[in-house]
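Asks: Okay, here's the structure, questions in a sec.
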Amino acid sequence: FFHEEFYVICIASHQNDYRLSWALNEKLNLRLQKDQDLTVEDKKEGTNRQFTKYSYAEDDQVIQYHLIANKNSEGFLFPDMKNIDFLLKIEGEADEENLNFMVKEIRKIDFVIIAFKLEKLQPKHKKRLIF
């Protein structure tokens, strides 16, 4: 199943995806693992682009986490967010207090430049993140 409502934490970091996923696992007590890449259709060019994705679902499936790269060798998942390297999508029963705690903890990671909760997700962004 998937949740139509979800939250997104934007992360800027010049580290590789696997290093960030490891740090998030350590800092937030998650178990993100490499998952099938997120495939996005580029209708203008008639091609599909792949973006790396790491996922973890809590045992009770109440909350699911997905770390998605915003960049690949061909461009950006969200071209209007070029300063953002990764998106942490959180589906399920997350509350504001928990999200704020997560942002604070992510900011403590040495190689994270910035992390913030995306307050308003534009419909075009939301559509790409529903999978």
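Asks: Scan the stretch 32-52 for residues that are surrounded by fewer than 14 Cβ atoms within 10 Å (Cβ to Cβ) and either among the hydrophobic types (A, V, I, L, M, F, W, C) or at negative phi (or both) and jot them down.
Replies: Q33, K34, Q36, T39, E41, D42, K43, K44, E45, T47, N48, listed by residue number.
Asks: Checking the condition in a helix (DSSP H, G or I), touching a Lys or Arg at 6+ places or on another chain (Cβ under 7 Å) and open to solvent by less than 20 Å² (accessible area, probe 1.4 Å), which residue from L20, L99 passes?
Replies: Result of the check over L20, L99: L99.
Asks: Oh, and also: Any idea which of E74, E91 is in contact (Cβ under 8 Å) with a residue 12 or more places away in the chain and open to solvent by 10 Å² or more (accessible area, probe 1.4 Å)?
Replies: Criteria check complete, one pass: E74.
The values are calculated or read from the model by the stated rules, or taken from the named source; none is laboratory data. Not measured: the values here are computed from a predicted model. Ideal geometry is used to build each Cβ from the backbone, glycine not excepted, and the neighbour counts take in all protein chains shown. To get the accessible areas, we keep the full protein, side chains included, count just its heavy atoms, and leave off ligands, DNA and RNA. Shrake-Rupley method; radii C 1.70, N 1.55, O 1.52, S 1.80 Å.
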